[in-house]
1. I'd like to know if segment 138-155 contains one or more residues that are open to solvent by 30 Å² or more (accessible area, probe 1.4 Å), farther than 16 Å from Ile27 by Cα, touching a residue at least 60 places away in the same chain (Cβ under 8 Å) and not charged (D, E, K, R).
2. Do you know which residues across segment 88-114 are open to solvent by less than 50 Å² (accessible area, probe 1.4 Å) and at positive phi?
3. Is it the case, given these coordinates, that Asn119 is buried (at least 19 other Cβ atoms within 10 Å of the Cβ), under 12 Å from the mean Cα position of the chain (by Cα), of a type outside the set (Asp, Glu) and farther than 19 Å from Arg10 by Cα?
4. Among the residues of segment 117-166, write down those that are closer than 19 Å to Tyr235 by Cα, polar (S, T, N, Q) and either at pLDDT 95 or above or not in a helix (DSSP H, G or I) (or both).
5. Can you pull out every residue in segment 1-13 that is touching a Gly at 6+ places or on another chain (Cβ under 9 Å) and touching a residue at least 40 places away in the same chain (Cβ under 8 Å)?
6. Which residue pairs have Cβ atoms under 8 Å apart, sit 6 or more places apart or on different chains, and have a first residue in segment 63-81 that is among the hydroxyl-bearing types (Ser, Thr, Tyr) and a second that is open to solvent by 30 Å² or more (accessible area, probe 1.4 Å) and not in a loop (DSSP other than H, G, I, E, B)?
7. Which numbered condition in (1) modelled with pLDDT of 95 or more; (2) under 22 Å from Arg62 (Cβ atoms) is the only one that Arg233 fails?
8. Kindly indicate whether any position in segment 86-98 is closer than 20 Å to Gly149 by Cβ, touching a residue at least 60 places away in the same chain (Cβ under 8 Å) and among the aromatic types (Phe, Trp, Tyr).
Amino acid sequence: NFNIGSTGERAVFPLSSLIYVFVNQQIGTAGPLNTVVAYAPPYAQVFGGSVGTFASGKFTARNYETAGGYIPAVPTRTGVPVVQSTGDIYFNLFLPAGPQPPNGWPVAIFGNGFSDNKNQSPLLISAALARAGLANIAITAVGHGYGAGSTLTVIQNTTPVPVFLPAGGRGVDQNGDTVIDSFEGVNAAGSHTDLQWRDGIQETAADLMQLVRVIQGGVDVDGNGTRPLDPSRIYYSGI
């Protein structure tokens, strides 16, 4: 679903229309958001003209973690993890400029490292991937990206009205100090703290595989019934 603007706008933008994308980070359970520049195409594009489209959307995914940040154990021979809940996962997508291949663009899924998220490194490397003919899609790892109240502000040269989007933050205040740092929520909590980030990383792997299924099912970016991503050429790039 690309209709994620605060008033239902479709979050698909020609790169030529973008001036700035700001990320407004929810860094605490109270107080103002922390606003930083996430993307400024004239400066961020090392290889200018490589990217044609920036889009942001969401899909619904199964979550195997409990609220405590761990995945309940099941017998590995006969059992399967139990789905604890379902929820929306947000992604950013960059499409290369130029003629689209007949079967769609090959796509590299970007995986962020600790303290990173889909609104940082993926935006900065998109031009390098696009120059090589690769689309770039990214989600935020479990517990990363600050709080769920984080937003993106998209400034365009085609309209004076900004577009406001969910930033897809997946962080939570686990220790009750009212602060949500860049990767608070990836670790297990309570009596399961010895697991540390094990299950958060496993859940992120499950999320990435669900993203693969979304791509294989067909991602209609422009809403015209076409499929710009090649479901047979899916790759991974990350930290």
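1. So far as segment 138-155 goes, yes, one or more of its residues are open to solvent by 30 Å² or more (accessible area, probe 1.4 Å), farther than 16 Å from Ile27 by Cα, touching a residue at least 60 places away in the same chain (Cβ under 8 Å) and not charged (D, E, K, R).
2. Listed by number, the list holds a single entry, Gly104.
3. Judged against the criteria, Asn119 is not a match.
4. Asn117, Asn136, Thr140, listed by residue number.
5. Asn1, Phe2, Ile4, Arg10, Ala11, Val12, listed by residue number.
6. Between residues of segment 63-81 that are among the hydroxyl-bearing types (Ser, Thr, Tyr) and residues that are open to solvent by 30 Å² or more (accessible area, probe 1.4 Å) and not in a loop (DSSP other than H, G, I, E, B), the close pairs are Tyr64/Gln202; Tyr70/His192; Tyr70/Leu195.
7. (2)
8. yes
The values are calculated or read from the model by the stated rules, or taken from the named source; none is laboratory data. Everything numeric here is computed off the predicted structure, so don't read it as measured data. Positions of Cβ are backbone-derived with ideal geometry, glycine not excepted, and every protein chain shown enters the neighbour counts. In case anyone asks, the SASA skips ligands and DNA or RNA and just uses the protein heavy atoms, side chains included. Shrake-Rupley method; radii C 1.70, N 1.55, O 1.52, S 1.80 Å.
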